[in-house]
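Some notes on the structure that comes next.
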2 protein chains.
Amino acid sequence: MLVPHALNASHHVAGTYAGQPDNLGWWDNMVGPGKPLDTRRFFVIGVNNLGGCHGSSGPITTNPATGKPWGGDFPVVTVEDWVAAQARLADRLGIERFAAVMGGSLGAMQALQWTLSFPERVRHALVIAATPTLTAQNIAFNEVARQAIVTDPDFHDGHYYERGVLPRRGLRLARMIGHITYLSDDAMMEKFGRVLRRGRPGYDFDIDFEVESYLRYQGDKFAGYFDANTYLRITKALDYFDPAADFGGDLSAALARARANFLVISFTSDWRFAPSRSREIVRALLDNRRVVSYLELDAPHGHDAFLMEDARYMAAVRAYFENIAP
Amino acid sequence: MLVPHALNASHHVAGTYAGQPDNLGWWDNMVGPGKPLDTRRFFVIGVNNLGGCHGSSGPITTNPATGKPWGGDFPVVTVEDWVAAQARLADRLGIERFAAVMGGSLGAMQALQWTLSFPERVRHALVIAATPTLTAQNIAFNEVARQAIVTDPDFHDGHYYERGVLPRRGLRLARMIGHITYLSDDAMMEKFGRVLRRGRPGYDFDIDFEVESYLRYQGDKFAGYFDANTYLRITKALDYFDPAADFGGDLSAALARARANFLVISFTSDWRFAPSRSREIVRALLDNRRVVSYLELDAPHGHDAFLMEDARYMAAVRAYFENIAP
């Protein structure tokens, strides 16, 4: 079972490392012994995407040609590249065929791409909170995030490591923008409302509303551990993903290669990758007479719902896996 | 007739200045001789909001106490302040009562506030693409824009004029973020799609998609003429606006003071100030037995629809004014 990750996650899908009891994997509610993806039945592989900053070769690793970090010279990689790299890992591990590839968001794009790049090597694809392509608005948000990074005076065309600086300001803004798109308006209102931190308007530019505090905190935290060059490349991979591009935009033709069975799940409040986008995938798969289960969950959390605890969501994934032979 | 402006506009509501035939007012399709707001029947006043950068006292004007620009010392102003300033202008001009105050977006907040601050001085309020308060998501977008400006190394706590620099990078990002929220996802898709400027992916960080080119252009243009300190203050005025705050959140109680008749208009694709927010205003006015007409237009353009040509929209405003005595 392969679980590729989304934007800011890593190979650390579930569980803890020795001596780090608080450092839980990013999908620990979904993956583990007795969890919907039950590790007592399935062997689960988590990977770092090529170009990432959590262990895989990426902009922070050394370019053998120069002996310095790749930095801005690290190539732009695509979802297809990631899947190809994962297939080479599978070769190395002697895995001919995965019982399933399962992902959410950018991870879902990889699950879908697996069924196209290596149709015979995936029995089931779980495609959650997905889209067949980014919309112009999705690309626009990514572009503002990228512009925040590349116009940060500490960016230096991506060669900031050598100068001992980091484009933290840009990365912080990129993360703040991203965070807004991961949550629904209603979920933000529920969580933060219009609550004033100081009890009354400050009439200044310190933190007034709780939501400002949250965003600054998330931005600062992210800028402290994530790599800006990686962020740039991952957003590009998102923008470029378009399996129908080589088929004149015909997604049904693009998905004709797929041989897997599918579980597609979307969330009503996800305005980033709206349910209508998942339905495009479902329709294209049905055009090809694939076996598809589709679940559109009335969940309030927005795009991030794919990471959240929701009894119906967990039950659906559990039920799907219970019907799969390991 | 008073027409207060929204975020980046000015007193130049309609028409042209001598020798500048291409420099049209921002609501020229709505206001002018024979237009829905017909200047052959009504005398229309456009104002610059206090703290702005198009002629009113603001951060770029001289602080008499120091002989230098106010810069970061210019106070944070509110919608109530703007309305109070406009009322003083009306006093000066000998206007006891406006036939109507009409605005869209932030202009609509001013129109609504007029009916609360000076109930006897407004006969009609046209409240278009409005909201009774910003949501947490609205505030979040404003906060990212502000953080882009205040973390620009050229910001210098708002005292950039004296240093001969401008926080253009931050202002550019702020505008890019704003622009995304003014358009609907569908309108952006219709306008830009996923069209690649170079015909194929560049696998670099130059402009790939048309929407990126558009955003960069809009950001650069805005950073060339708008003032960052003004931008900060206007977003704060938006965030703070909350007529129900002094009434325990009860909008009906807050609007009990209003005496005007109302035309409220919203646009289905406006995800910034969604129609449900306009309906809150309508409901609160009806609770107070005000005369209210409400129009929810199925328009594709998003929040910016209030500035666009739409036959039904124009006809509705025209019809409303035809029933008003000048």
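Rule-based calculations on the coordinates, nothing more; no lab input. Note that the structure is a prediction, hence the values are computed from the model and not measured. Here the Cβ is made from the backbone with ideal geometry for all residues, glycine too, and neighbour counts use every protein chain on show.
If the convex hull of the alpha-carbon atoms of the stretch A:113-218 is projected onto planes in all directions, what is the mean projected area in square nanometres?
The directionally averaged projection comes out at 11.0 nm².
Bin all alpha-carbon pair distances of the protein assembly as shown at 10 Å intervals from 0 and give each bin's fraction as a whole percent.
Here the calculated profile for the protein assembly as shown is 3, 15, 24, 24, 17, 11, 5, 1, 0.
How large is the direction-averaged shadow of the alpha-carbon convex hull of the stretch B:30-112, in nm²?
6.6 nm²
Could you list log10 I(q)/I(0) for the stretch A:201-324 at q = 0.15, 0.16, 0.17, 0.22 Å⁻¹, which the Debye formula gives when each Cα is one point scatterer?
Once normalised to I(0) and log-transformed, intensities are -0.95, -1.03, -1.09, -1.28.
Given the C-alpha centroids of the stretch A:180-251 and the stretch B:41-96, what is the distance between them in whole angstrom?
A separation of 34 Å, based on Cα centres.
Other chains near B:229-237: what is the mean number of their Cβ atoms within 10 Å of each residue's Cβ?
Partner-chain Cβ atoms within 10 Å, mean over residues of B:229-237: 1.
Which whole-number percent is the relative contact order of the stretch B:245-326 (Cα, under 8 Å, 6+ apart)?
32 percent.
Past the 15 angstrom mark, what percentage of all C-alpha to C-alpha distances in the stretch B:174-269 do you count?
Above the 15 Å cut-off, the stretch B:174-269 has 76 percent of its Cα pairs.
Please name whichever of B:L112, B:A244, B:G219 sits farthest to the positive end of the charge dipole of chain B, dipole taken about the Cα centre and charges placed at Cβ: Lys and Arg +1, Asp and Glu -1.
B:L112
Compute the acute angle (0 to 90°) between the alpha-carbon long axis of helix A:210-225 and the principal axis of greatest extent of the alpha-carbon atoms of chain A; round to the nearest 10°.
Relative to chain A, helix A:210-225 is tipped by roughly 80 degrees.
Have a look at the DSSP beta bridges in chain A and tell me what percent are antiparallel, nearest 5.
Here the share of antiparallel DSSP bridges comes out near 15 percent.
Lysine pairs, Cα distance under 30 Å, 8 or more residues apart or cross-chain: how many in the protein assembly as shown?
16
Every other copy gets compared here: list the nm distances from the A:N288 label point (7 Å along Cα to Cβ) to its counterparts, shortest first, one decimal.
Values, ascending and in nm: 5.9.
Would you work out the charge dipole size for chain B about its Cα centre, treating the Cβ of every Lys and Arg as +1 and the Cβ of every Asp and Glu as -1, and quote it to the nearest 20 debye?
So the dipole magnitude of chain B works out to roughly 580 debye.
From other protein chains only, count the Cβ atoms within 10 Å of every residue's Cβ in B:181-187, then give the mean.
3
What area, in nm² and to one decimal, does the C-alpha convex hull of chain B cast on average over all directions?
Result: 18.5 nm².
Using Cα atoms only, what is the angle between the long axis of helix A:79-93 and the major principal axis of chain A, expressed in degrees (0 to 90) to the nearest 10?
So the helix axis and the longest Cα principal axis differ by about 60 degrees.
Counting partner chain Cβ atoms within 10 Å of every residue's Cβ in B:130-142, what's the average?
That works out to 6 on average.
Relative to the Cα centre, what is the charge dipole magnitude of the stretch B:224-297, using +1 at the beta carbon of each Lys and Arg, -1 at the beta carbon of each Asp and Glu, and rounding to the nearest 20 debye?
220 debye
In percent, how large is the relative contact order of the stretch B:4-44, given Cα pairs closer than 8 Å and 6 or more residues apart?
Relative contact order comes out at 25 percent.
Along Cα-to-Cβ, 7 Å out, sits the label point; list in nm, shortest first, how far the one on B:P33 is from those in the other copies.
Its label point is 8.6 nm from the equivalent points in the other copies.
Show me, bin by bin at 10 Å from 0, the whole-percent P(r) of the stretch A:49-170 based on Cα pairs.
12, 32, 31, 21, 4
I want the local charge near B:A311. Using Cβ-Cβ distances under 14 Å, sum +1 for each Lys or Arg and -1 for each Asp or Glu among the other residues.
Result for the local shell: 0.
Within 10 Å of each candidate Cβ there may be at most 11 other Cβ atoms; applying that plus a DSSP loop requirement, which trypsin sites (Lys or Arg not before Pro) in the stretch A:244-326 survive?
Those that pass, being in a loop and sparsely packed, are A:R289.
Hey, what's the per residue convex hull volume over the C-alpha atoms of the stretch B:272-326, in cubic angstrom?
It is 96 Å³ per residue.
Within the stretch B:81-99, list the residues whose amide N lies under 18 Å from a label point set 7 Å along Cα→Cβ of B:R257.
B:81-91, B:97-98
Calculate the FRET efficiency for B:R92 and A:D28 from the Cβ-Cβ distance with a Förster distance of 51 Å, rounded to the nearest 0.05.
0.20
I'd like the orientation of helix B:106-117 relative to chain B: the angle between its Cα long axis and the longest Cα principal axis, in ° from 0 to 90, rounded to 10.
Roughly 30 degrees, rounded to the nearest 10.
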